[in-house]
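Trainee: Here it is, the structure, as structure tokens.
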Amino acid sequence: ELADSLLSDEASPAVLRRAVQRAEGNPLYLEETARMVLEGDGAQPADGIPDTLQTLIAARIDLLDAGAKRTLQAAAVIGRVFWHGALEQLVGAEVEPALEVLRARELIVDEERSVLAGDRAFRFGHGLIRDVAYGTVTKSERADLHRAFAAWVAGRGSDDAIAIRAYHLDRAATLLAELDARDASVDAEAAAALEEAGERALRASGFSAARRLLLRADTL
């Protein structure tokens, strides 16, 4: 019934049957299939439907224009929730048209509450969309984007920004280590941020978090 309501007007009976077979009872698969058909030319052959939900989402991302895809990838580096101002910093261009495309395709939605005051927040429509988009970014690019976002967060000057900045600098350091391209300055910056976040957690009696953050700072 869900497949009929989503696809009967847009896809051939063969596509409809294949979508039901491959969904294996997962409604999200059918929803993503319907979106892919609507975003494409509407005439995909039945054997053109990806086998897995991840490849289906990747196919939808590939249909985006360059600006929207770049914006989605930058958002994925930020996290499940991301901010308008941060995207402008990371993408280096006017992101509003790209955001409208992503919202229209339901890859992202508006977030009602922003933990960073004064900036408009969004989130991915599903965590898996964020994971797939993140996977399309090379490790080197991820490291650069994590550092760029950490720099943007540092300019916010809020308490909530401390832990966020520490996390992203740590991710940058980890990615560079995985590439055998460790940078002592990145390690030092990440260690200092983690130490600050760990001491803040300690003052708030968050002992488990404090221990984890301070041990990681010491390792770096």
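The values are calculated or read from the model by the stated rules, or taken from the named source; none is laboratory data. These figures come from a predicted structure and were not determined experimentally. Note that each Cβ is placed from the backbone with ideal geometry, even for glycine, and that neighbours are counted across all protein chains shown. What goes into the accessible areas is simple: the full protein's heavy atoms, side chains included, and nothing from ligands, DNA or RNA. Shrake-Rupley method; radii C 1.70, N 1.55, O 1.52, S 1.80 Å.
Trainee: Find the accessible area per residue for the range 37-179; the probe is 1.4 Å, ligands and nucleic acids are left out, and the unit is Å².
Mentor: Accessible area per residue, the range 37-179: 45 Å².
Trainee: Shape verdict for the range 1-109, please, from the Cα gyration tensor: rounded (a/c under 1.5), prolate (a/b greater than b/c) or oblate.
Mentor: It comes out prolate by the Cα gyration axes.
Trainee: Right, something else. Can you give me the distance in nm between label points at residue 96 and residue 62, each placed 7 Å from the Cα along the Cα-to-Cβ direction?
Mentor: According to this spin-label approximation, the distance is 3.3 nm.
Trainee: Along the charge dipole of the chain, which of 74, 210, 193 sits closest to the positive end, that is, farthest toward it, with unit charges on the beta carbon of Lys, Arg, Asp and Glu (+1, +1, -1, -1)?
Mentor: Highest projection toward the positive end goes to 210.
Trainee: Further question on the same structure: Would you work out what percent of the accessible area of the range 61-220, with all protein chains in place, is carbon or sulfur (probe 1.4 Å)?
Mentor: For the range 61-220, the apolar C and S fraction of the accessible surface comes to 48 percent.
Trainee: May I pose another question? Can you compute the charge dipole magnitude of the range 49-157 about its Cα centre, using +1 on each Lys and Arg Cβ and -1 on each Asp and Glu Cβ, nothing else charged? Give it in debye, rounded to the nearest 20.
Mentor: About 320 debye.
Trainee: Something else now. Which one of 64, 6, 86 is farthest out on the positive end of the charge dipole of the chain, using unit charges on Cβ (Lys, Arg +1; Asp, Glu -1) and the Cα centre as origin?
Mentor: 86
Trainee: Rounded, prolate or oblate: which one fits the range 142-188, using the alpha carbon gyration tensor with axes a ≥ b ≥ c (rounded when a/c is under 1.5, else prolate when a/b beats b/c, else oblate)?
Mentor: Note, shape of the range 142-188 comes out prolate.
Trainee: Ok, one more. Sticking with the crude label model, points 7 Å out along Cα→Cβ, report the distance from residue 24 to residue 215 in nm, one decimal please.
Mentor: My value for the distance between the label points is 3.6 nm.
Trainee: Of the labelled options (1) 113; (2) 149; (3) 130, which one gives volume of the Cα convex hull per residue in Å³ as computed for this structure?
Mentor: (2)
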